[in-house]
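Everything on this sheet refers to the single structure shown next.
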Amino acid sequence: MKKLVLAVLATAVLAGCKTSPTGRTQIALYSDQQMSQMGQQSFADMKKNQKINNNPQVNAYVKCIADDVIAVLPQQYATQAWEVVVFEDDSANAFALPGGYIGVYTGLLKVAENQDQLATVIGHEVGHVIAEHSNERVSQSSLLQTGMQVGSAALEMGNVQYRNEILQGLGLGAQYGVILPFSRSHESEADQVGLDLMAKAGFNPKESVTLWQNMSKAGSGNTPEFMSTHPAPANRIKELQAKLPQALNKQKAAKSVGKNPQCKL
């Protein structure tokens, strides 16, 4: 039974191998339709359970920036009907979900001081979607769950002493050895994709550095990097600065064809 399950797992992994926008090999076991359904359900739940901001000026501002970023996405995403919602919440955060959903918390508007900084975050979050990070995370979770079940069965068959303690160790090892490093990889990749998107839309990529400096000052950088799903702010800023020359060239090209965002709050 163990060999059969492992064979099925191996086949699933091979069938689900894809390449991310930055060339990284990833496992995505779920279809676009399945991921869109998950995104739709999650977004519907959030709208039901969280307070929505109805200020017309705030919503128009956020949607203006989101629309400019969406316009430069790969065609399969740019042609989607995206829903943008502003949630009344003090946290400086935002998210994007498969299926065409973007949520921005009002607390972010206090940290992202202009359209370019907010475009940094929206580009980053949409970058997670087009890089299929949600699919990868759900796929990882499914494989880990199945792997844990196989490990449990093997330990039971072998009558291994301290079975529960070993399983707890495997769970901890999976969390800090697999899930978090991959999540940091996702965040760094989304930074890169998001910087590219905002520049192609005509936003100023230099403001991406300022945004993360603001985030750090606001207290989002207190968690040690090895225990966090996000890169440390200093490392994040350093990576963004290294990519600025290329991003500035893309912004210049965007402006030459009339992409000049004018979103104001």
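Read-outs throughout are calculated quantities, based only on the coordinates presented, and are distinct from any laboratory measurement. All values derive from a computational prediction rather than experimental measurement. Here the Cβ positions follow ideal geometry from the backbone for every residue, glycine too, while neighbour counts run over all protein chains shown.
List of remarks:
- For GLU83, nonlocal amide neighbours, meaning residues 5 or more places apart or on other chains whose placed amide H falls under 5 Å from its own, are TYR101, ILE102.
- Spatially proximal lysines relative to LYS264 (Cα-Cα < 17 Å; intrachain offsets below 8 disregarded): LYS63, LYS110
- Note, ³J(HN,Hα) from phi for segment 44-50, Karplus 6.51, -1.76, 1.60, rounded to Hz, x at Gly and Pro: 4, 5, 5, 5, 6, 9, 10
- Extension gain for GLN50-VAL257 works out to 70.6 nm (0.36 nm per residue, less the C-alpha to C-alpha distance).
- Whole-Hz couplings from phi, Karplus 6.51/-1.76/1.60, listed for segment 238-243; x for Gly and Pro: 4, 5, 5, 4, 5, 9
- Surrounding net charge for ASN214, when Lys and Arg each add one and Asp and Glu each subtract one, Cβ distance under 11 Å: 0
- When peptides 191-201, 90-100 are ranked by their average number of other Cβ atoms within 10 Å per residue, the highest-first order is 191-201, 90-100.
- Rg over Rh for segment 23-86 works out to 1.04, both radii taken from alpha-carbon positions and Rh defined as the Kirkwood radius.
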